Amino acid sequence: MNQRSAGTSEDIIVRGYHYAKDQTDELLEQVENYVRENPGQALLYAFVAGYVLNRLPVGSMMRGLIKLSIFGIKPALLVYGASKAYTAVQDE
């Protein structure tokens with residue numbers, strides 16, 4: 001049964017990869033067509049997006065994300081260890 005479920009999960013992963021790749025390719029094609037049809041508007045959108053991204057405090061956001069990750073890792077490790085201990089006790 002483990003081989004069957006492993007094959008099935010591998011199948012799901014491969015199908016998911018192909019689906020995501022197909023969707024990404026389709027989206028890229030739509031964007032290319034839009035840019036070809038409306039180059040001025042696409043250039044304006046690109047400029048606005050670049051300006052907004054340039055103004056975002058990326059450094060502060062990264063520091064906050066790192067602090068949040070460090071703050072959350074301790075409880076996550078505690079829960080993970082407790083679940084492993086519970087599983088080990090149940091197996092015996």
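Distance between the modelled labels on Ile66 and Tyr34, one decimal in nanometres: 3.5 nm (7 Å Cα→Cβ projection). Straight-line reach only, C-alpha to C-alpha below 17 angstrom: list the lysines that Lys84 could link to, leaving out same-chain residues fewer than 8 apart. Leaving aside lysines fewer than 8 places away in the same chain, those within reach of Lys84 are Lys74. Take the Kirkwood radius over Cα pairs of the chain, plug it into Stokes-Einstein at 25 °C and 0.890 mPa s, and you get 130 µm²/s for translational diffusion.
Bear in mind these aren't lab numbers, they're just calculated from the coordinates by the rules spelled out. From a predicted model like this one, the values you see are computed outputs, not experimental measurements. No Cβ is skipped: glycine too gets one built from the backbone with ideal geometry, and neighbour counts run over all protein chains shown.
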